[in-house]
1. Suppose every K and R has +1 on its Cβ and every D and E has -1 on its Cβ; what is the size of the dipole of the chain about the Cα centre, in Debye to the nearest 20?
2. If you wrap a convex hull around the C-alpha atoms of the chain and split its volume per residue, what is the figure in Å³?
3. Could you provide, to the nearest whole Å², the per residue accessible area of the chain with probe 1.4 Å?
4. Take the Cα atoms of region 1-41, build their convex hull, and give its volume per residue in Å³.
5. What FRET efficiency do you get for L110 and M1 if R0 is 41 Å and r is their Cβ-Cβ distance, rounded to the nearest 0.05?
6. Using +1 at the Cβ of each Lys and Arg and -1 at the Cβ of each Asp and Glu in the chain, identify which of A49, Y4, L109 lies farthest towards the dipole's positive end.
7. Might you work out the accessible area of S45 for me, using a 1.4 Å probe with all protein chains in place, and round it to the nearest 10 Å²?
8. Below 8 Å, C-alpha to C-alpha, sequence gap of six or more: please give me the relative contact order for the chain in percent.
Amino acid sequence: MARYTSEAEAAADGFSIVHEPEQHRFAVYRRNGDIERLVGEAHYSLTEATAGIAGSIDFDHTVVRPEYRGTGVSGLLAHRAVTDDVVRDRRVLASCWFIEGYLARHPELLTDR
């Protein structure tokens, strides 16, 4: 299987990453012909701002089907999740080890917001 370094490369092979706010997650789907299958997700919880304290977003669970591990899809999912507009003006927490590690490798993603 290919190693993807951009969403455009992944999209060429049928992958799409979408924000599903009603389910509090970012999801990766792969289309194969007429069949689209969920292959991964990054779930989060939100708290709202109160009394001058910024709200937060806690990425608490990330999983990608085993057959797609090592392809870069997990990193693309993490990147989309932590750079999406839902993160803006929120304190980012990562109780998920994968997102925590991703942010440790890419601290600029939190300082560039």
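The values are calculated or read from the model by the stated rules, or taken from the named source; none is laboratory data. Since this is a predicted model, take the numbers as computed values, not measurements. Every residue, glycine among them, receives a Cβ derived from its backbone with ideal geometry; neighbour counts consider all protein chains shown. These area figures cover heavy atoms from the full protein model, side chains too; ligands, DNA and RNA do not enter into them. Shrake-Rupley method; radii C 1.70, N 1.55, O 1.52, S 1.80 Å.
1. So the magnitude is around 260 debye.
2. Here the figure is 104 Å³ per residue.
3. Per residue, the chain has an accessible area of 58 Å².
4. Cα-based convex hull of region 1-41, divided per residue, equals 78 Å³.
5. After rounding to 0.05, the efficiency reads 0.85.
6. The Cα lying farthest towards the positive end belongs to Y4.
7. About 50 Å², rounded to the nearest 10.
8. Once divided by the residue count of the chain, the mean separation gives 22 percent.
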